[in-house]
Amino acid sequence: MNIYEQTGRIFDIQRYSIHDGPGIRTIVFLKGCYLRCRWCCNPESQEYKLQELTQGGKTRTVGRDVTVGEVMDEIRRDAVYYSRSGGGVTLSGGECMAQPEFSEALLRAVHEYGYTTAIETTAFASREVVDRLLPHVDYFLLDIKHMDSEKHRQFCGKPNDVILENARYIAQNAKNLVIRVPTVPTFNASAEEIAAIARFADSLPRVGELHLLPYHRLGQDKYAGIGREYTLSHITPPTNEEMEQLAAAARAAAPRLHVQIGG
Ligand code: SF4
């Protein structure tokens, strides 16, 4: 099949992002994720099926089926920004590895136009899927959320063993890899837990950067909007001082890495 005819399911395309890979980027948000992180700011991304979301008294359908060609028509509008800034296209979600045929075709199309590719991923996928996407990704932005598998399962719905295995494999084979840590009070926002993740990141070849992403409540209202309960309403975002302390713990555990707060 012509890659431009491959279909997939997305729920948003955001232009002019500067936080999800180098330069100015267009972010394509894919529908469907294997995890169920309790803090997820895009709960409407998790289910592959189309959903109704009610916000501000208005209800809309989340998710649409598109071809790679249709997405590229939108992406190409910002070509001038990619070339000037070293930017390109980032696949986010949801989890792009949950739609491997569409993700591979879209990444290949982006490369055919000469733009850079990035994916935000948890790498909870089979090795076959990882191998399928690897050659077409310039920048991996890989979430490592916790080193304790049981706690990972409690807060994200799945254990972490597949993720850690894939992280090691991706680190050996990727062109560029950044480890990102959503930093969530009561889950992983202690010096010990962040230091454990930093040590793991430090053990991976080619990883030079660790980004600590502070928990925030953007998206909380969307849970009620899709008929779900937000189960972390009892926690508050970490303060700047607390984030600095966690960054210091990460730097002490992994002095080789550049540790920053935010993406
Ligand atoms: S991996 Fe990302 S998209 Fe999936 S549930 Fe967790 S935060 Fe949400």
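We did not get these values from a lab; they are worked out from the coordinates using the rules stated. Remember, it's a predicted structure, so these values are computed and weren't measured experimentally. Cβ coordinates were reconstructed from backbone atoms using ideal geometry, including for glycine residues, and neighbour counts include every protein chain displayed.
A compact table of results
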{"quantity": "Fewest-first ranking of THR183, THR61, using other Cβ atoms within 10 Å as the exposure measure", "calculated": "THR61, THR183"}
{"quantity": "Residue-wise HN-Hα coupling along segment 150-161, computed from phi with Karplus coefficients 6.51, -1.76, 1.60 (Hz; x: Gly, Pro)", "calculated": "5, 5, 4, 5, 5, 9, 10, x, 9, x, 9, 5"}
{"quantity": "Segment THR7-ARG76, extension gain: residue separation times 0.36 nm, minus the distance between their alpha carbons", "calculated": "23.0 nm"}
{"quantity": "Gyration tensor (alpha-carbon) shape descriptor, the chain, a/c threshold 1.5", "calculated": "oblate"}
{"quantity": "Segment 3-261: relative contact order in percent, alpha carbon pairs under 8 Å with at least 6 residues between", "calculated": "18 percent"}
{"quantity": "Label-point separation, ARG228 to GLU150 (7 Å along Cα→Cβ), nm", "calculated": "2.5 nm"}
{"quantity": "Relative contact order (percent, whole number), segment 91-159, Cα cutoff 8 Å, 6+ residue spacing", "calculated": "30 percent"}
{"quantity": "Rounded to 5, the percent of DSSP beta bridges in segment 3-261 classed as antiparallel", "calculated": "35 percent"}
{"quantity": "Taking LYS58, LYS175 and counting other C-beta atoms within 10 Å, the order from fewest to most", "calculated": "LYS58, LYS175"}
{"quantity": "Most to least packed among 86-92, 254-260 [average Cβ atoms within 10 Å]", "calculated": "86-92, 254-260"}
{"quantity": "Inter-label distance for ARG127 and ALA248, nm, one decimal - labels placed 7 Å from Cα along Cα-to-Cβ", "calculated": "4.3 nm"}
{"quantity": "Stretchable slack from ASP221 to ARG199, in nm (0.36 nm times residue separation minus alpha-carbon distance)", "calculated": "4.4 nm"}
{"quantity": "Gain upon complete extension [LYS158, ILE18; 0.36 nm per residue less C-alpha separation]", "calculated": "47.4 nm"}
{"quantity": "Residues whose placed amide H lies under 5 Å from that of GLN51, excluding near-sequence neighbours", "calculated": "VAL62"}
{"quantity": "Residue of TYR139, TYR230, TYR34 that the Gaussian network model of the chain assigns the largest fluctuation, springs spanning Cα pairs under 10 Å", "calculated": "TYR230"}
{"quantity": "Summed residue charge, Cβ within 15 Å of ASP221's Cβ, Lys/Arg positive, Asp/Glu negative", "calculated": "+2"}
{"quantity": "Length-normalised contact order for segment 144-263 - Cα pairs under 8 Å, 6+ apart - percent", "calculated": "29 percent"}
